Amino acid sequence: MKRVFLNISCVVLFVAIVGVLVWGRNNKVSVFRETYDDGVEQIDLNTIYLENSGVEVNFAEVLLGKQEEMRKLIVSTQEATVSTELSDRLIEKLDFDFLKKTQKVSYTGKGYFVVDLDDLTGEDIIEDKENKIITIKIGHAYLQAIEIDPDKIIIDEVKEGLLARGDIELTVKDYNVIEKELRSRLETKFDTAENGQEADDIALRMVREVYEPVIKAIDRGYSVAVEFE
């Protein structure tokens, strides 16, 4: 009698277990719940946040590790046009309009203001743990390069004098002198206090936009401030 009762109990228990498993499968509910907590909170596919993990993160090391990717940051691009007037006198010492011919040459170029990020050191990255702020100190923006657009070099028609006719003949040396002069004028036009201030204002914003996602990927509670040295 006891054996029969035991057999019936086993059958009932087996049917109950199968029923629970089938019900859980149909209702998308895990029968066994995982209760282990590793202290890692998943924020998104590319970010994790370590809550009370005791892990000390060196923000300076993380940011300085980005230097290979970001060396010089172009913060502002200016465009300007300069021109010079060439003249060819029939008699060198006589400056009369009817004895000379003139020609205007115009150059259009771009000036690039940059900030050096490969000069950053650990001393330039300051962590305020109490207020959770990372302050990055950078150098001022400066005019790093001038690029002359060959498609925007304009050479006007020769203006002839009454007795001075024909084209103005130029040598390779003449062209080099002209380009050097116009490039110098472009540099003077770009490298002004007003343009430098505009580039500095943009630099503060752009450097923060570069490094803030990196900081927040480590700890979303931190903010980033950028200052000049």
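Quick look at the numbers
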read-out: Computed FRET value (nearest 0.05) for Ile133 with Lys159, which takes r as the C-beta separation and R₀ as 45 Å; value: 0.10
read-out: Net charge, Gln197 excluded, C-beta distance under 15 Å - Lys, Arg +1, Asp, Glu -1; value: -4
read-out: FRET efficiency, Ser106 to Tyr142 (Cβ-Cβ, R0 35 Å, nearest 0.05); value: 0.85
read-out: Unit charges on C-beta of K, R, D, E only; dipole of segment 122-229, Debye; value: 160 debye
read-out: Solvent-accessible area per residue, Å², over segment 117-217 with all protein chains present [probe radius 1.4 Å]; value: 66 Å²
read-out: Stretchable slack from Leu86 to Lys180, in nm (0.36 nm times residue separation minus alpha-carbon distance); value: 32.4 nm
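The values are calculated or read from the model by the stated rules, or taken from the named source; none is laboratory data. Because the structure is predicted, anything quoted here is derived from the model rather than measured. Quick reminder, even Gly has a Cβ in these numbers, built from the backbone with ideal geometry, and neighbours come from all protein chains shown. To get the accessible areas, we keep the full protein, side chains included, count just its heavy atoms, and leave off ligands, DNA and RNA. Shrake-Rupley method; radii C 1.70, N 1.55, O 1.52, S 1.80 Å.
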